[in-house]
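The values are calculated or read from the model by the stated rules, or taken from the named source; none is laboratory data. These figures come from a predicted structure and were not determined experimentally. FYI the Cβ positions are ideal-geometry reconstructions off the backbone, even for glycines, and counts take in every protein chain you see.
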Amino acid sequence: MPRTYPFPGSPALTATQGTFELSWELFGEMCRALAVRVAREYRPDLVIGVATAGVIPAATLASMLDAEFDSMKISRRDGAAMTVEPRVLSATPVRCRGKRVLIVDEITGSGDTMRLALAAVREVGPADVRTAAVFVRPGGWRPSYFGMETGQLIVYPWDRQVITDGELVTGPMYEGAGARV
């Protein structure tokens, strides 16, 4: 049975197979491999990152693919409140109209967030739209392109430690999760 951590619904924090600690170096290599995979069959004009964490790989992919970059916020979190279903919390970039678009998130599980992003982008009228994620969950929704499938708790380098009262401390989502931070 999956272990669930303090942010319910987040596919990154539901683990069935231990912990995977992602370094910045490995993250860069995974983005490079994902960009190559995308470039073999698709040339996006615009890469859209799903905020918050999806903008990090999206900006990296946009740079590697020599594409424009934008973002949109879709989350289960709205301030301190958590919801079961994700919601669109920002406007869809209107410059999607008539362009080849790649929507990127750091992970997909159920696909709820990515499906919301797809629907929102399609309403604007892109020439084509595809999806990518660095990680996917076993048995979960599959984007057009992905880097790695894992059932492990993923400890991302960008939120492994956070600054609290001027000090670096373990990110609250990883406290008690068995991650070495």
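Scan SER75, SER63 and give me the residue that is out of contact with any helix residue (DSSP H, G or I) (no Cβ under 7 Å at 6 or more places or on another chain), farther than 21 Å from PRO86 by Cβ and among the hydroxyl-bearing types (Ser, Thr, Tyr).
SER63
Have a look at MET114, MET173 and point out the one that is touching a residue at least 24 places away in the same chain (Cβ under 8 Å) and either of a type in the set (Lys, Arg) or touching a strand residue (DSSP E or B) at 6+ places or on another chain (Cβ under 8 Å) (or both).
MET114
Scan GLY18, GLY98 and give me the residue that is modelled with pLDDT under 90 and surrounded by fewer than 16 Cβ atoms within 10 Å (Cβ to Cβ).
Step by step, each of GLY18, GLY98 is checked, and only GLY18 is modelled with pLDDT under 90 and surrounded by fewer than 16 Cβ atoms within 10 Å (Cβ to Cβ).
Which ranges mark the strands (runs of 3 or more DSSP E) fully within segment 103-180 that have 3 or more residues being over 22 Å from GLN17 (Cα atoms) and in contact with a Lys or Arg (Cβ under 9 Å, 6 or more places away or on another chain)?
So the answer is 128-136.
Could you figure out which of (1) at pLDDT below 90; (2) within 17 Å of the chain's Cα centre (by Cα) isn't true of LEU168?
(2) is the only condition that LEU168 fails.
Tell me, yes or no, whether segment 52-60 has at least one residue that is in contact with a helix residue (DSSP H, G or I) (Cβ under 7 Å, 6 or more places away or on another chain), within 25 Å of ILE154 (Cβ to Cβ) and either at pLDDT 95 or above or of a type outside the set (S, T, N, Q) (or both).
The answer is yes, given that some residue of segment 52-60 is in contact with a helix residue (DSSP H, G or I) (Cβ under 7 Å, 6 or more places away or on another chain), within 25 Å of ILE154 (Cβ to Cβ) and either at pLDDT 95 or above or of a type outside the set (S, T, N, Q) (or both).
When you check ASP70 against the structure, is it touching a helix residue (DSSP H, G or I) at 6+ places or on another chain (Cβ under 8 Å), among the acidic types (Asp, Glu) and surrounded by fewer than 20 Cβ atoms within 10 Å (Cβ to Cβ), yes or no?
The answer is yes for ASP70.
Quick check on my filter: what residues within segment 61-88 are modelled with pLDDT under 90 and either of a type in the set (Asp, Glu) or in a loop (DSSP other than H, G, I, E, B) (or both)?
Of everything in segment 61-88, those that are modelled with pLDDT under 90 and either of a type in the set (Asp, Glu) or in a loop (DSSP other than H, G, I, E, B) (or both) turn out to be ASP78, GLY79, ALA80, GLU85.
Filter segment 35-56 for residues that are surrounded by fewer than 17 Cβ atoms within 10 Å (Cβ to Cβ), more than 17 Å from the chain's Cα centre (by Cα) and either assigned to a loop (DSSP other than H, G, I, E, B) or of a type in the set (Asp, Glu) (or both) and give the result.
ARG40, GLU41, TYR42, ARG43
For segment 104-116, check the following and say yes or no: at least one residue is among the acidic types (Asp, Glu), out of contact with any Pro (no Cβ under 6 Å at 6 or more places or on another chain) and modelled with pLDDT of 90 or more.
Scanning segment 104-116 turns up at least one residue that is among the acidic types (Asp, Glu), out of contact with any Pro (no Cβ under 6 Å at 6 or more places or on another chain) and modelled with pLDDT of 90 or more.
Any residue at all in segment 158-171 that is under 19 Å from PRO57 (Cβ atoms), surrounded by 13 or more Cβ atoms within 10 Å (Cβ to Cβ) and among the hydrophobic types (A, V, I, L, M, F, W, C)?
yes
Can you say whether ARG100 is out of contact with any Lys or Arg (no Cβ under 8 Å at 6 or more places or on another chain), touching a residue at least 24 places away in the same chain (Cβ under 8 Å) and of a type in the set (D, E, K, R), as far as the supplied structure shows?
So ARG100 fails the test.
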